[in-house]
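K.L.:
Let me give you the structure first, and then I'll get to my questions.
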């Protein structure tokens, strides 16, 4: 068949013919078989029939789906939803009016918050509103532009809303994620003046509609004036005039561009960015935002580049003035309560920090704290008796540089029952209880041991690491890795003292740096840092390097109290909480349970506790804690810590029913920079076993149960009796064992004190070996009773 015939056949059959094959019949076609010529009309028709049959059978479903979901129908449905949405918005636009001035004024009113002790008695009534409205003409033009540069560069050109940001906010609210910023200055003004800070879909839609109407009814200058006059700047200041006075002791009209840029930057997180309360991170963040504001002003042509180049240093504000209700320790307690309530609102409603702060401060909350009034008074009394009452700035200038902070936590409930933030909230604005800019020093050593036990780590000779494992305690001993190569770290022990071979128990008692540096590498520093994070330390931006074994990261008494409370709670995570109840009108905020999941095993936690009893009874805390005349049989575990430059000193310890962390920090009284405490109180050096341990003992031995006992799931450490005693039938060994002898500690002078367990002078029956041993003889009295009483804080 030629091409013309094929074409005609396709036209007659309605289908395209199959490709033409070579002429002739198939070789296997028999005499009785019929042969269909490819491309013939009969073949085309057969295929068409087959396809129709297929469509009527298995392909019927697909055909119906295609007919149902055509692009025309999809487009029509989409346009229908769009029209429905537009109609709903028009209806909403017509239904929602801009509130009148009286309603707006009532919405903008602030109410005092009431704070209570755990027993319901009043702690403080906080919230004297400081607001003064000023005309925009009283605010320098460049200061006005600083707020626009900080919050909404397109303010002068937009229609009052950010559709993209609002849509994202509504979607996040529907999904339970809350807001993520993006509001215009108009929207923020509407929220401050007309609405509330709650994050609901209805509130967001109202905000959008009112913002559109306000933008049409008011000038941009009036909106900007309303915004800067209703915003909260921290320190109880509402509006730019009150903020100018609170931070720079001047009227708004006298603010410099740099000062205005700081106030504009402050609005993102007022308390976090207040220079005198900010952590190092907060200061860094607000400095970055201050630079961002000024750079945006240059970009928009509102500030000369040459003038900007001279603006290199953020203008540090004045310290805050005292206000009624926050004197003494009250201000520190209120600030922490507010912060934890803000955290919960951010989690529940997805608020930003500034939104959460605006929703808490002066909003008429009744907030009940977990703080026990009697324990709080006892802690304040202990600090005064053991520290501030002994410091004399007239005799010693360095005494003015000593700052104290403390946090006391119930390990079973996670409740913060007492806290000391500083000598006075208005004499030292930064809370020493929550600041994280000082090293915890050797109070980090129990974390290293916890990691070793949790990870079932071994020494480089393959022996399990435990309380009886022996390490070389030589000062400046180079730390080596698993291959025996030096890692470039050889820490010095306190006073460069050499100890020789010692057990981990002894190393903890005497806080021997060289032992824990090697242990950290044996465990793996990443594992150490992971366990530190699980226990409650902030390790997110910390490097997993051997130097961390000296406790070089920043930490607060609040964090360390949580870490040790987790150990006291048998490895169940404790995140100390100060909030007992928070009520606003008829609404109560759900307070998260401070007790979390099991983060390390009970055996690991209890073994660390057992070892830490030895620090108290036979180590660096012996004089101030174990031998304290106020001790009434309380069982105590704890650890001292002193940074190598004497900028910080710690004692964090616990009884079965209470955990308290006490820290002393050297801070220059004038510049607030970190300072050394050598000579403070008339001592050569401020050690963890000195003032911190003395404060701890004076407080704890007056408020804890003397009959409480640790319930430990371990067979190691100073709190555990020997598991067996050698008998005369056992064959002694004549070779000198490599373990420490049981009757005398190497490099230490024996004491004459009564031991806590019955020592034995029999030779251990274990077969001696030339390899480094991993255990002391099992008949060694627990607690290393032959140790010489170390002077307070004989550690780094």
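The values are calculated or read from the model by the stated rules, or taken from the named source; none is laboratory data. Remember, it's a predicted structure, so these values are computed and weren't measured experimentally. Don't worry about glycine lacking a Cβ; one is built from the backbone with ideal geometry, like all the others, and counts go over all protein chains shown.
K.L.:
Just to be sure, is residue 424 assigned to a helix (DSSP H, G or I), in the same structural domain as residue 638 (by TED's automatic domain parsing) and surrounded by fewer than 22 Cβ atoms within 10 Å (Cβ to Cβ)?
P.N.:
It is false that residue 424 is assigned to a helix (DSSP H, G or I), in the same structural domain as residue 638 (by TED's automatic domain parsing) and surrounded by fewer than 22 Cβ atoms within 10 Å (Cβ to Cβ).
K.L.:
Quick one: is residue 225 over 16 Å from residue 355 (Cα atoms), touching a strand residue (DSSP E or B) at 6+ places or on another chain (Cβ under 8 Å), modelled with pLDDT of 85 or more and crowded, with 21+ Cβ neighbours inside 10 Å? Can you show your working first?
P.N.:
Numbers: over 16 Å from residue 355 (Cα atoms): yes; touching a strand residue (DSSP E or B) at 6+ places or on another chain (Cβ under 8 Å): no; modelled with pLDDT of 85 or more: yes; crowded, with 21+ Cβ neighbours inside 10 Å: yes.
Considered against the rule, which asks whether it is over 16 Å from residue 355 (Cα atoms), touching a strand residue (DSSP E or B) at 6+ places or on another chain (Cβ under 8 Å), modelled with pLDDT of 85 or more and crowded, with 21+ Cβ neighbours inside 10 Å, residue 225 comes out as no.
K.L.:
Do you know which residues across the range 658-680 are surrounded by fewer than 17 Cβ atoms within 10 Å (Cβ to Cβ), more than 17 Å from residue 437 (Cβ to Cβ) and touching a residue at least 24 places away in the same chain (Cβ under 8 Å)?
P.N.:
Residues satisfying the conditions are 678, 679.
K.L.:
How many residues does the range 334-349 hold that are under 19 Å from residue 121 (Cβ atoms) and in contact with a strand residue (DSSP E or B) (Cβ under 6 Å, 6 or more places away or on another chain)? Spell out how you get there, then give the answer.
P.N.:
Within the range 334-349, the first condition is being under 19 Å from residue 121 (Cβ atoms), and the residues that meet it are 334, 336-337.
In the following step, the residues that additionally are in contact with a strand residue (DSSP E or B) (Cβ under 6 Å, 6 or more places away or on another chain) were identified as 334, 337.
The number of residues fulfilling the criteria is 2.
K.L.:
Could you tell me whether any residue of the range 264-286 is modelled with pLDDT of 95 or more and over 21 Å from residue 672 (Cβ atoms)?
P.N.:
yes
K.L.:
Okay, moving on. Which residues, counting only those in the range 257-282, are surrounded by fewer than 18 Cβ atoms within 10 Å (Cβ to Cβ) and either outside any loop (DSSP other than H, G, I, E, B) or in the same structural domain as residue 429 (by TED's automatic domain parsing) (or both)?
P.N.:
Hits for the range 257-282 are 280, 281, 282.
K.L.:
In the range 214-241, what count of residues is obtained for those that are in contact with a helix residue (DSSP H, G or I) (Cβ under 9 Å, 6 or more places away or on another chain) and assigned to a helix (DSSP H, G or I)?
P.N.:
Looking only at that region, the number is 15.
K.L.:
For the range 311-324, what are the residues that are crowded, with 19+ Cβ neighbours inside 10 Å and modelled with pLDDT under 95?
P.N.:
Selection gives 320 alone.
K.L.:
Take the residues in the range 378-400 that are in contact with a strand residue (DSSP E or B) (Cβ under 9 Å, 6 or more places away or on another chain) and part of a helix (DSSP H, G or I), then tell me which one is surrounded by the most Cβ atoms within 10 Å (Cβ to Cβ). Don't jump to the end; show me each part of the working.
P.N.:
Step one: list which residues in the range 378-400 are in contact with a strand residue (DSSP E or B) (Cβ under 9 Å, 6 or more places away or on another chain), which gives 378-380, 382-383, 387-388, 391, 398.
Subset that is part of a helix (DSSP H, G or I): 378-380, 382-383, 387-388, 398.
Numbers: 378: 17, 379: 29, 380: 18, 382: 25, 383: 22, 387: 26, 388: 14, 398: 20.
The residue in question is 379.
K.L.:
Kindly indicate which of 651, 683 is in the same structural domain as residue 416 (by TED's automatic domain parsing) and out of contact with any strand residue (DSSP E or B) (no Cβ under 9 Å at 6 or more places or on another chain). Before you say what the answer is, go through the steps one by one.
P.N.:
Values: 651 fails: out of contact with any strand residue (DSSP E or B) (no Cβ under 9 Å at 6 or more places or on another chain).
Answer to the check: 683.
K.L.:
Report yes if residue 457 is farther than 25 Å from residue 644 by Cβ, surrounded by fewer than 22 Cβ atoms within 10 Å (Cβ to Cβ) and in contact (Cβ under 8 Å) with a residue 60 or more places away in the chain, otherwise no. Write out each step before concluding.
P.N.:
On the way: farther than 25 Å from residue 644 by Cβ: yes; surrounded by fewer than 22 Cβ atoms within 10 Å (Cβ to Cβ): yes; in contact (Cβ under 8 Å) with a residue 60 or more places away in the chain: yes.
So residue 457 fits the description; yes.
K.L.:
For the range 432-443, state whether one or more residues are at pLDDT 95 or above, out of contact with any helix residue (DSSP H, G or I) (no Cβ under 6 Å at 6 or more places or on another chain) and farther than 30 Å from residue 407 by Cα.
P.N.:
no
K.L.:
Please verify whether the range 485-503 includes one or more residues that are out of contact with any strand residue (DSSP E or B) (no Cβ under 6 Å at 6 or more places or on another chain), free of Cβ contacts under 8 Å to residues at least 24 places away in the same chain and farther than 25 Å from residue 644 by Cα.
P.N.:
yes
K.L.:
Among the residues in the range 300-317, are any part of a helix (DSSP H, G or I), more than 22 Å from residue 413 (Cα to Cα), touching a residue at least 40 places away in the same chain (Cβ under 8 Å) and in contact with a strand residue (DSSP E or B) (Cβ under 9 Å, 6 or more places away or on another chain)? Spell out how you get there, then give the answer.
P.N.:
Narrowing the range 300-317 to residues part of a helix (DSSP H, G or I): 305-309.
So of that shortlist, the ones also more than 22 Å from residue 413 (Cα to Cα) come out as 305-309.
Then drop every residue that is not touching a residue at least 40 places away in the same chain (Cβ under 8 Å), which leaves 307.
This time we only want the ones that are in contact with a strand residue (DSSP E or B) (Cβ under 9 Å, 6 or more places away or on another chain), so: none.
No, the range 300-317 contains no residue that is part of a helix (DSSP H, G or I), more than 22 Å from residue 413 (Cα to Cα), touching a residue at least 40 places away in the same chain (Cβ under 8 Å) and in contact with a strand residue (DSSP E or B) (Cβ under 9 Å, 6 or more places away or on another chain).
K.L.:
Do we have any residue at all in the range 283-298 that's more than 29 Å from the chain's Cα centre (by Cα), surrounded by fewer than 17 Cβ atoms within 10 Å (Cβ to Cβ), in the same structural domain as residue 235 (by TED's automatic domain parsing) and in contact (Cβ under 8 Å) with a residue 60 or more places away in the chain?
P.N.:
There is no residue in the range 283-298 that is more than 29 Å from the chain's Cα centre (by Cα), surrounded by fewer than 17 Cβ atoms within 10 Å (Cβ to Cβ), in the same structural domain as residue 235 (by TED's automatic domain parsing) and in contact (Cβ under 8 Å) with a residue 60 or more places away in the chain.
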